[in-house]
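**Student:** I'd like to ask some things about the structure below.
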Amino acid sequence: QAIRIGPLGLVSNPAEYFCCFGLDIKARSPFAQTMVVELANGCIGYVPDEKALRPRGGGYEPRHACSSKLVPEAGKLIAKKSVQLLKRLA
């Protein structure tokens, strides 16, 4: 989901989204002010970056939590779609 309120762009996702993806969305957003909201309208679990999924990666939540069952590239896919939505609103 994406919403525009004047110069502010908001984009949301139903995940515990690692901050690196939120920072990527903000960097590529057409809005001077962008907010990335997580755990909105559902919960699909953790969305870690690929580094956190490596054997010596990000601890218990990305590799062992039963709420982390998405494909490794899910975070990048969500970020890509989020930026597309923001660009449509700009």
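The values are calculated or read from the model by the stated rules, or taken from the named source; none is laboratory data. All of these numbers come straight from a predicted model, not from anything done at the bench. All Cβ positions, glycine included, derive from the backbone under ideal geometry; neighbour counts span all protein chains shown. The accessibility values were calculated without ligands, DNA or RNA, using every heavy atom of the protein model including side chains. Shrake-Rupley method; radii C 1.70, N 1.55, O 1.52, S 1.80 Å.
**Student:** Taking Cα atoms, how many degrees apart are the long axis of helix 19-28 and the longest axis of the chain, rounded to 10 and kept between 0 and 90?
**Tutor:** Approximately 30 degrees, to the nearest 10.
**Student:** Accessible area per residue of the chain at 1.4 Å probe, in Å²?
**Tutor:** Per residue, the chain has 63 Å² of solvent-accessible surface.
**Student:** While we're on this one: Loop-only trypsin sites (Lys or Arg not before Pro) in the range 1-49, please: DSSP not H, G, I, E or B, and at most 14 other Cβ atoms within 10 Å.
**Tutor:** none
**Student:** Run the 1.4 Å probe and let me know the accessible area of CYS19, rounded to the nearest 10 Å².
**Tutor:** Spelled out: CYS19, probe radius 1.4 Å, area about 100 Å².
**Student:** Here's something else I'd like to know. Hey, which lysines would be in cross-link range of LYS51, C-alpha to C-alpha under 25 Å, not counting anything within fewer than 8 residues on its own chain?
**Tutor:** LYS26, LYS69, LYS76, LYS80, LYS81
**Student:** Where does each of 79-85, 36-42 land if you order them by average Cβ count within 10 Å, highest first?
**Tutor:** My ranking of the peptides, most packed first, is 79-85, 36-42.
**Student:** Roughly what % antiparallel, to the nearest 5, for the DSSP beta bridges in the chain?
**Tutor:** Rounded to the nearest five, the antiparallel share is 35 percent.
**Student:** Using 0.36 nm per residue, how much length does the chain from VAL37 to LEU77 gain when fully extended, once their Cα-Cα distance is taken away?
**Tutor:** Residue separation times 0.36 nm, minus the Cα-Cα distance, leaves 12.8 nm.
**Student:** For helix 74-89, report the angle its Cα long axis makes with the longest principal axis of the Cα atoms of the chain; keep it between 0 and 90° and round to the nearest 10°.
**Tutor:** The two axes meet at around 0 degrees.
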